[in-house]
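Working notes for the structure below.
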């Protein structure tokens, strides 16, 4: 613990977040020390770290990294900005650059947070990922009478959405063959979507 503490604390002896992040980037921690457990608990509560499950009984942590979510829209049923959620209209909204807007969820995605990416899949006859947005808040309960019980803020990415509207990821190319609602995106689909979005 002493060697590690020297790596993650500043000259005044206080925990230096930058050093903590740099150090924890290099390896996971086993929680066999009271001070280590207390620090890990605090960093987990502050969503700096997350516990990695199923590591043979050891409690190992890693830095929380941005997640990629597949967000499904039905252009015939769902609306966006008081209008139909077609790929062409969503691309136009991205060009208008109106800033973060409210998006809706049917269930609370506890792992979604500011900094994640939202890959927008248009269902129905479209069947393609043709837009991308940046998540700007964690999900929160929506007011009574809302179309869905949870909401969060996100902002369309103009560059990525423009590229995807010209070269979308079609359903037949995706690893996820049955996109529904909103959930974490599969790694193979993220890689393909990033390439099409020129990221």
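Annotation: segment 68-196 has a Kirkwood hydrodynamic radius of 14.5 angstrom, from the mean reciprocal C-alpha pair distance. A straight line joining the Cα centroids of segment 166-185 and segment 94-108 runs 19 Å.
Each value in this text was obtained by applying a stated rule to the coordinates, not by laboratory testing. What you see is a predicted model; the values in this text were computed from it and never measured.
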